[in-house]
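A.B. asks: Please see the structure below; I have some questions.
The values are calculated or read from the model by the stated rules, or taken from the named source; none is laboratory data. Every value quoted in this text rests on a predicted model; they were computed, and no experiment measured them. Positions of Cβ are generated from backbone atoms using ideal geometry, with glycine treated the same way; all protein chains shown enter the neighbour counts. Quick note on the areas: whole protein, heavy atoms, side chains included, nothing else; ligands and nucleic acids left out. Shrake-Rupley method; radii C 1.70, N 1.55, O 1.52, S 1.80 Å.
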Amino acid sequence: VATVAGTATAPAATVTTLRQRMERLSEQLEDCEEAEAIRRASVAQQLSTMLQTLPAAQEGGVPDFSQEPLWPGEELVVEEGFTPRTMLALTNHIRSACASMDQQNGGPPVISPRTLLFLLAQVEERLSKGGFKALVEFPVPPGERVVVVGDLHGQLKDALWIFHRYGLPSEAAGNVYLFNGDIADRGRFAVEIYVLALGWMLAFPGAVFVNRGNHEDLLVNTSRCGGFYDEVITKYPGHGRLIFEAFGQVFAALPLAYLLGPSRAKVLVVHGGLPRVPGQMIASLKHMAPRGPTVPMRTSSLAEVIVKDMLWSDPQEKMGHEVSTRGGSLMSFGPDVTLNFCHQELIGLVVRSHEVPPTGEGFGFMHQNRLCTVFSASNYKGIEHNSGAVLLITSADLAQGLLAKSVKPEVFYAPAQTQACMAPLEPPKELLETEIGAEFLPQTPAARSQREAVRRMEAARSEAVTRAEIKKDDPTGEQIKEEVLQIVSELVVAHKEELWQALWHKDLGLRAAANPARSGFVSWEVWKDVCQTVLGHAVSWDAVGTILKVVETMPPHRGAVDYNRFLHRFHVSLREDGCVRAAWMDSVLGGLLDKLMLLSVQDLLDIFDQDKNGRLTISELAHAFKQLDSGLTAAQVRALFLTFAVHCDQTVEEDIEVEPFLSALIVAAQEQSQQHQSKHARARSAWPRWASRYLRHLGRDIWDRGEHHLLEQFKAADADSSGLLDPTEFVGIMRSLQARARDPGSLALPDSALAEVSRLADFNGSGSVSYMEILLALQPEDTALGGHVRFDLFEQICATVWGHKEALLRLFHALDPDRTMRLGPETLTQAFQQLNSTLGADSEARTPLLDFQIEALVAHINFDDDGLVDYNAFLDAFHVGGPTAAAATAAA
């Protein structure tokens with residue numbers, strides 16, 4: 001059995017379960033997903049310097065929410081602010097309101113926009129008064145304990161369960177919490193967790209601290225590995241954009257690291273890890289300028305490099321630094337880096353989060369026990385089955401100095417959200433002494449410790465039951481498999497052309513000693529190597545390929561991979577209930593067909609077959625479409641060529657035949673979308689039934705016999721060499737085609753009828769019939785690849801919109817200063833043109849969409865009666881489809 005980490009075969013004693021291999025594969029692909037998010041965020045950040053030049057890109061005013069109604073449980077916020085009493089009330093309100101909600105899908109908001117915006121403003125003000133420190137030093141006075149909480153990723157059940165086990169924050173009791181970033185994304189309750197963490201931070205500034213993680217970043221929040229943006233705008237449709245931006249201001253103000261303890265035994269708490277210049281980190285943090293709501297991926301200063309590394313880097317067992325599995329601009333660091341840093345800075349332990357530890361137990365020590373990873377989202381994403389953990393650091397631990405031995409990771413496994421919300425919480429000591437009454441809960445340190453020990457013991461029993469129940473569910477990892485396939489689908493779509501180019505040049509057919517020609521297949525090893533190079537080098541592509549069943553099991557290509565079929569299992573398309581009509585593709589293809597039908601056959605061949613050999617190379621095709629001003633970009637022309645490489649029945653070479661290609665364009669342009677007919681299809685539908693039947697049967701006879709020499713017959717019938725057929729010449733070619741049919745008698749028409757057919761085939765009313773018009777009249781079947789041309793070209797353009805969602809959203813926000821979340825056609829067009837200008841600045845080949853395509857796309861958006869559309873709904877209309885776990889299994 002191949003291990004997930006590679007292709008080597010493991011001894012029987014070390015083979016992990018199928019479920020564990022799937023979990024590991026999911027973690028590997030999540031790194032690839034984040035690498036893709038970084039790449040797309042980098043593109044979005046290119047727009048930053050250009051947004052100021054947009055006429056509408058001016059900051060809108062912030063509405064006054066002071067008169068907005070308060071929601072139940074929020075009255076104390078106005079009376080007292082975020083005091084301990086207020087926060088206890090809000091905490092209980094959140095527990096009660098969320099107890100019945102689905103922990104995976106979320107629910108309606110439970111905190112009003114007024115209270116939420118007030119909270120975020122108060123937090124930003126508090127952090128600004130502290131100077132927006134990047135590094136906070138906290139000595140941990142005697143008697144205090146710090147509970148370090150790792151990634152929560154929107155899982156409210158874990159946050160509440162941690163509070164249940166260890167009690168609510170309290171300065172008087174020395175119960176301190178440090179949230180080490182990544183509260184947002186993945187899960188659907190990040191808003192509520194932020195209210196708890198930030199609200200208690202205001203109530204007890206000395207007992208609650210929040211670090212910034214890589215997901216405390218507005219661009220990451222809008223990415224495919226995000227989710228927080230969608231959560232906010234879904235919960236607050238009228239105020240979502242304003243609330244999201246207010247969170248961004250808080251993210252910018254959060255510290256990047258905490259130093260705990262006395263000078264001789266400090267603990268550094270950072271979300272990701274150490275930077276590539278660790279010796280300069282502490283000094284840089286102490287003098288760092290205020291940060292922004294997004295972390296620059298394209299760094300321009302040492303400070304920006306340090307920030308990016310601290311949020312994104314990971315430890316490794318190899319010495320030194322290496323490129324991270326999360327992306328080419330990120331780094332991983334080895335034990336020598338950690339040990340040297342700890343020695344130079346007098347650090348006893350580095351605590352970080354950022355990833356599920358390989359042990360699956362919520363924590364893991366590395367680098368000679370000088371580095372500890374803590375991750376607090378148990379059963380991550382509802383499918384991982386991992387434990388969560390917190391790290392308990394007491395003042396006594398720090399005083400002893402032996403941190404690696406005395407710091408205590410505590411493992412837990414939170415139950416379902418309903419049970420977590422109902423679990424009792426130990427109130428802060430301050431409220432017990434003044435509000436509730438200490439006689440009910442004695443507040444001596446021994447009494448508090450005893451109550452916590454009882455809670456943790458009872459929690460452990462409950463956790464054991466929960467874990468056993470969850471392990472019974474999905475024992476083979478089918479739910480994880482669905483996530484794996486979704487991530488693979490998105491990665492393949494994002495890099496489809498790059499993958500195809502790499503596989504195309506390693507085709508098995510090129511190895512043939514005699515007459516080498518492409519076969520459309522590559523070896524299993526080549527397929528894995530290409531996926532590793534293009535999509536991610538730390539992923540077990542053995543496992544992915546096995547799930548997808550990519551290897552042929554029948555001769556003559558047993559053991560090889562049909563790379564064309566593999567690539568075409570993944571695509572971007574439009575949601576049927578979305579706000580974009582698929583008919584916009586007809587406008588693009590219809591415009592191209594109109595131009596082709598005006599050309600004589602000589603002009604057509606001069607453009608498409610410049611060397612007169614009857615075949616097209618990809619460079620010739622690109623030149624032809626550019627000469628025609630076809631409305632297709634260079635990438636879209638390559639997509640057409642890829643279509644022929646994928647679907648051609650004959651051996652795939654470096655070039656393609658002209659005639660089948662032109663026939664395919666005809667079918668592509670005349671294809672009907674679900675709710676729309678092309679204008680040429682509408683014209684044909686008005687023809688007399690006898691004419692439609694005659695041309696359809698004649699065309700089917702031609703293509704069924706595999707006779708693709710219509711072009712030569714067209715030239716022969718063109719007596720005056722005009723490149724167009726007048727009515728008499730048209731009758732002549734029809735007679736010739738009838739005579740060559742399998743059953744000439746069944747297709748015979750008199751000359752008068754053929755003259756009427758000539759009039760019908762003259763689509764543009766010029767008085768003559770062009771070669772493209774006769775192709776259109778004969779209606780070539782899908783064997784000519786037309787349906788594939790339309791689908792693949794349509795998919796390529798859809799992928800352009802989907803692949804630049806973050807950049808487009810940033811443009812839409814800039815063009816919507818009033819935060820209405822709605823734009824009109826002119827503004828949408830402006831956004832696409834700005835994207836073109838940014839991406840095409842270096843090369844025309846990088847221009848994603850042409851003006852003609854933008855115009856067609858915008859014209860087929862379902863705008864509301866006021867002429868505007870919700871631009872979030874517009875972006876959501878484009879989605880990635882691919883094989884499901886059930887389909888992948890059935891493919892076996």
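A.B. asks: Identify the trypsin sites (Lys or Arg not before Pro) of the range 738-778 meeting these criteria: DSSP loop state and at most 12 other C-beta atoms within 10 Å of the C-beta.
C.D. replies: ARG742
A.B. asks: How large is the accessible surface per residue of the range 463-542, computed with a 1.4 Å probe and reported in Å² as a whole number?
C.D. replies: Accessible area per residue: 45 Å².
A.B. asks: Let me ask something additional. Within the chain, what whole-number % of the accessible surface is contributed by carbon and sulfur, with the 1.4 Å probe and all protein chains included in the calculation?
C.D. replies: 53 percent
A.B. asks: If the only charges are +1 at each Lys and Arg Cβ and -1 at each Asp and Glu Cβ, what is the size of the charge dipole of the range 354-408 around the Cα centre, to the nearest 20 debye?
C.D. replies: 120 debye
A.B. asks: Still on this structure: How large is the accessible surface per residue of the range 234-311, computed with a 1.4 Å probe and reported in Å² as a whole number?
C.D. replies: Here the residues of the range 234-311 average 33 Å² of exposed surface.
A.B. asks: Filter LYS235/LYS429; LYS381/LYS481; LYS496/LYS528; LYS481/LYS549; LYS318/LYS496; LYS266/LYS286 down to the pairs with a C-alpha to C-alpha distance above 22 Å, please.
C.D. replies: LYS235/LYS429; LYS318/LYS496
A.B. asks: What nm value, rounded to one decimal, do you get for the distance between SER300 and ALA460 when each label is placed 7 Å out toward the C-beta?
C.D. replies: Roughly 5.5 nm, to one decimal.
A.B. asks: For the pair ASP851 and ARG696, what calculated FRET efficiency results from E = 1/(1 + (r/R0)^6), where r is the Cβ-Cβ distance and R0 = 45 Å, to the nearest 0.05?
C.D. replies: That pair, ARG696 with ASP851, gives E of 0.80.
A.B. asks: To the nearest 0.05, what FRET efficiency results for GLU452 and PHE132 with a Förster distance of 56 Å applied to their C-beta separation?
C.D. replies: Given R0 = 56 Å and the Cβ-Cβ separation, E is 0.95.
A.B. asks: Still on this structure, please answer the following. The range 229-279 to the range 81-152: how many Å between their Cα centroids?
C.D. replies: One Cα centre to the other: 13 Å.
A.B. asks: Also: Which order do SER573, SER96 take by accessible area at a 1.4 Å probe, largest first?
C.D. replies: Output order, biggest surface exposure first: SER96, SER573.
A.B. asks: Related question: Counting only heavy atoms of protein chains, what accessible area per residue, in Å², does the range 796-883 have with a probe of 1.4 Å?
C.D. replies: 36 Å²
A.B. asks: Largest first and to the nearest Å, give the Cα extent of the range 174-322 along each principal axis.
C.D. replies: Cα extents, longest axis first: 48, 41, 31 Å.
A.B. asks: How large, in Å, is the range 296-378 by the Kirkwood hydrodynamic radius built from its alpha-carbon pairs?
C.D. replies: Hydrodynamic radius (Kirkwood, Cα pairs) of the range 296-378 is 13.6 Å.
A.B. asks: Using packing as a proxy for protection, rank 601-613, 332-344 so that the peptide with the highest average count of other Cβ atoms within 10 Å comes first.
C.D. replies: Result, highest mean first: 332-344, 601-613.
A.B. asks: Let me ask another. Per residue, what volume in Å³ does the Cα convex hull of the range 203-269 take up?
C.D. replies: Taking the convex hull of the Cα positions in the range 203-269, it is 105 Å³ per residue.
A.B. asks: Let me ask something else about it. Return an integer: the convex hull volume of the alpha-carbon atoms of the range 387-499, in Å³ per residue.
C.D. replies: So the per-residue Cα hull volume is 223 Å³.
A.B. asks: Moving on to the next point. If you project the alpha carbons of the range 145-262 onto their three principal axes, what span does each projection cover, largest first, in Å?
C.D. replies: Principal axes ranked by extent give 42, 27, 23 Å for the Cα atoms.
A.B. asks: Using Cα-Cα distances under 8 Å and only pairs 6 or more residues apart, what relative contact order does the chain have, in percent?
C.D. replies: Taking the mean separation of contacting Cα pairs over the length of the chain, I get 14 percent.
A.B. asks: Which value results when the Cα radius of gyration for the range 248-355 is divided by 2.2 N^0.38 Å?
C.D. replies: 1.03
A.B. asks: Give or take rounding to whole Å, what are the principal axis extents of the alpha carbon atoms in the range 119-199, in descending order?
C.D. replies: 35, 30, 19
A.B. asks: Hand me the GluC sites (Glu not before Pro) from the range 431-527 located in a DSSP loop with no more than 15 other Cβ atoms within 10 Å, in residue order please.
C.D. replies: Those that pass, being in a loop and sparsely packed, are GLU439.
A.B. asks: How high is the relative contact order of the range 332-413, in percent, counting Cα pairs under 8 Å that sit 6 or more residues apart?
C.D. replies: Relative contact order, the range 332-413: 25 percent.
A.B. asks: Computed FRET efficiency, Cβ-Cβ of SER619 and LYS715, R0 35 Å: what is it to the nearest 0.05?
C.D. replies: Efficiency for this residue pair is about 0.85.
A.B. asks: Compute the distance in nm between two label points, each set 7 Å from the Cα along the Cα-to-Cβ direction, one at GLU469 and one at ASN764.
C.D. replies: Placing both labels 7 Å beyond Cα along the Cβ direction yields 7.0 nm.
A.B. asks: Among DSSP beta bridges lying fully in the chain, give the percent that are antiparallel, nearest 5.
C.D. replies: 65 percent
A.B. asks: Magnitude of the Cβ-charge dipole of the chain, K/R +1 and D/E -1, about the Cα centre, nearest 20 debye?
C.D. replies: My answer is approximately 2220 debye.
A.B. asks: Which parts of the range 737-765 would a label at ASP594 reach, counting a residue when its backbone N lies under 16 Å from a point 7 Å out along Cα-to-Cβ?
C.D. replies: From the range 737-765, the list is 763-765.
A.B. asks: May I pose another question? Two decimals, Cα atoms only, Kirkwood Rh: what is Rg/Rh over the range 360-423?
C.D. replies: My calculation of the ratio gives 1.08.
A.B. asks: Shifting gears a bit: Ranked from highest to lowest mean number of other Cβ atoms within 10 Å per residue, what is the order of the peptides 713-722, 369-378?
C.D. replies: Descending mean neighbour count gives 369-378, 713-722.
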